[in-house]
Amino acid sequence: MRKTLDFLKRGGFLLLLAAVLLGGEAWMRAADPVGHMTCIPRSDYEIIRRDYPDMTFERAVFGSSAVTASYIAGRNDTGYVNLGVDYGTVKDITEMLEKGLVTVTDELVLGLNNLSFLDSLPTNETYPWHREWYEPYLYFQRDRLYALITEGVDSVLRGGPFLLRDTSNQQRVVYRGALTDEALFESWGSLVERFGDTGPADCAENFAALDRLAAWCGEHGVRLRAVWMPWNGKLEIYPAAQSIMDAADERMAALGIEVLDATRVVPEEYFFDTGHLNYDVGSPWFTDWLDPWLAEEG
């Protein structure tokens with residue numbers, strides 16, 4: 001007993017320090033102060049969380065920027081929220097649901113293209129589902145904090161303010177107008193150059209995530225469907241993309257997931273580029289086309 005008391009006296013400060021550090025870490029993980037700062041650019045997930053603080057939805061359409069820029073939530077009162085996030089993949093929504101970062105209670109629709117399944121697709125490293133359980137919060141946010149401090153100090157040294165921006169009203173990106181044909185084919189060529197050698201073998205993690213997502217939806221009574229998002233009619237679906245889409249179709253059929261093919265339904269004059277619609281004319285057209293299907297009872 002005496003030895004225990006002596007140890008506590010000698011190590012009391014260290015124990016108190018450890019408690020403070022652990023408590024602070026727990027608070028930061030829960031409060032996410034960096035994600036709420038209005039002087040740091042917000043991720044799409046943080047913008048959604050700002051607009052829907054409880055992150056609970058009855059009906060949602062999830063996908064990448066193609067969903068963000070193409071589906072107008074609330075236009076026809078179907079009750080679906082647009083949960084599109086930049087670089088969103090099937091693995092992303094699966095981990096979001098598994099980790100309790102978003103809740104869907106009734107219906108979930110995946111807005112898909114071939115990139116939705118690519119394990120190597122670049123992503124936004126600040127999305128919280130990418131943080132490992134052992135990573136301290138400040139370490140995970142180090143790049144954003146470093147940029148804030150260095151840019152702020154540089155501004156002050158030049159006679160400007162420390163805080164350079166206000167992201168209070170930042171919105172997810174949409175696209176207006178249309179690329180010229182020259183720019184469009186250049187963009188398409190870049191896409192083929194980057195991903196033209198990929199195939200189903202490069203989608204193992206996302207295909208496994210699709211299995212987990214279907215299981216999660218089954219366990220929680222959520223209806224899971226999918227739609228292949230529009231593809232510009234001026235451009236072919238290159239072979240690598242088609243092979244991934246075909247493999248995904250087989251996987252979804254085996255899982256009993258209803259799939260709607262919208263790849264060629266939108267007139268080409270409604271596109272901004274390969275897969276993003278012109279928000280002023282293409283997105284309303286596509287939303288009006290899609291909403292009756294979304295509203296169908298299961």
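The values are calculated or read from the model by the stated rules, or taken from the named source; none is laboratory data. What you see is a predicted model, and the numbers here were worked out from it, not measured in a lab. Here the Cβ positions follow ideal geometry from the backbone for every residue, glycine too, while neighbour counts run over all protein chains shown.
Would you mind finding the one in 227, 259, 266 that is surrounded by fewer than 18 Cβ atoms within 10 Å (Cβ to Cβ) and not in a helix (DSSP H, G or I)?
Checking each option against the conditions leaves just 259.
Out of (1) more than 29 Å from residue 247 (Cα to Cα); (2) modelled with pLDDT under 95; (3) part of a helix (DSSP H, G or I), the odd one out for residue 129 is which?
Exception for residue 129: condition (1).
Kindly list, by first and then second residue, each pair from a residue in segment 152-173 that is more than 30 Å from residue 272 (Cβ to Cβ) to a residue that is part of a loop (DSSP other than H, G, I, E, B) and aliphatic (A, V, I, L, M), limited to pairs with Cβ atoms under 8 Å and residues at least 6 apart or on different chains.
Final answer for the pair search is 152/163; 152/164; 155/164.
Go through segment 152-174 and give me each residue that's more than 20 Å from the chain's Cα centre (by Cα) and either at pLDDT 90 or above or assigned to a loop (DSSP other than H, G, I, E, B) (or both).
Taking segment 152-174 first, the residues more than 20 Å from the chain's Cα centre (by Cα) are 152-166.
If the condition is that a residue be more than 20 Å from the chain's Cα centre (by Cα) and either at pLDDT 90 or above or assigned to a loop (DSSP other than H, G, I, E, B) (or both), then 158, 159, 160, 161, 162, 163, 164, 165, 166 are the ones that fit.
Would it be correct to say that residue 60 is modelled with pLDDT under 95 and either not in a loop (DSSP other than H, G, I, E, B) or not hydrophobic (A, V, I, L, M, F, W, C) (or both)?
No; evaluated as a whole, the condition is false for this residue.
Look at segment 74-86 and say how many of its residues are within 16 Å of the chain's Cα centre (by Cα) and under 16 Å from residue 282 (Cβ atoms).
Pass one, segment 74-86, residues within 16 Å of the chain's Cα centre (by Cα): 81-86.
Narrowing further to those that are under 16 Å from residue 282 (Cβ atoms): 82, 84.
The total comes to 2.
If I ask for residues that are closer than 23 Å to residue 107 by Cα, in a helix (DSSP H, G or I) and of a type in the set (D, E, K, R), which ones from segment 185-223 would you list?
211, 212, 219
Name, by its number, the condition in (1) in contact (Cβ under 8 Å) with a residue 40 or more places away in the chain; (2) more than 21 Å from residue 33 (Cα to Cα) that does not hold for residue 85.
(2)
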